[in-house]
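Below is one structure, written out as structure tokens; the observations come after it.
Coordinate-derived values only; no laboratory data. All of these numbers come straight from a predicted model, not from anything done at the bench. Because the Cβ atoms are built from the backbone with ideal geometry, glycine has one as well, and the counts that use them run over all protein chains shown.
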Amino acid sequence: MPYSEQPPPGGYPDVKWHVPPKRPSLAQRKRDFLRHLLRWGLMSEAAARTGVDRRTAHRWREQDEAFDAACHERLKWRREKILEAAMGKAEKPKTRPVLYRGRQIGHLGRANDRIVAALMWSVEMMGRQK
């Protein structure tokens, strides 16, 4: 005696089968990685958001010169934007009011010396890269 009845010849009409989505192609994953790399500026972050391992992204860079050039270009652009933002903060420091007995008598503007040190270090490191 069978444990369950045989299915009808046409199958069960109300059953929906789960079909997993297709995995994106290699070109699509590389394109997504480059998009995330431009947005976030970090290899690890872009790899995580794309769904690949960080080592896979580095392997892609070693094997594909065009992909490596595209990554290098995006990382360079991201560094330049960070440097521009840091220079803007160094040139135009934030000011805060100085109050005495409820009245503003002046303001203080403080530039962050750490930003200048980071800029000097990053420019030096950019000169060392390939």
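Loop-located GluC sites (Glu not before Pro) in the range 35-94 (DSSP state other than H, G, I, E, B) with a sparse environment of at most 16 neighbouring Cβ atoms within 10 Å are absent.
For the range 26-128, divide the Cα radius of gyration by the Kirkwood radius and give the resulting Rg/Rh value with two decimals. With Rh from the inverse mean 1/r over Cα pairs, Rg/Rh is 1.23.
Inter-label distance, R103 to W17: 8.4 nm, where each label sits 7 Å from its Cα along the C-beta direction. Extension gain, R39 to R114: 0.36 nm times the residue separation minus the Cα-Cα distance gives 24.5 nm.
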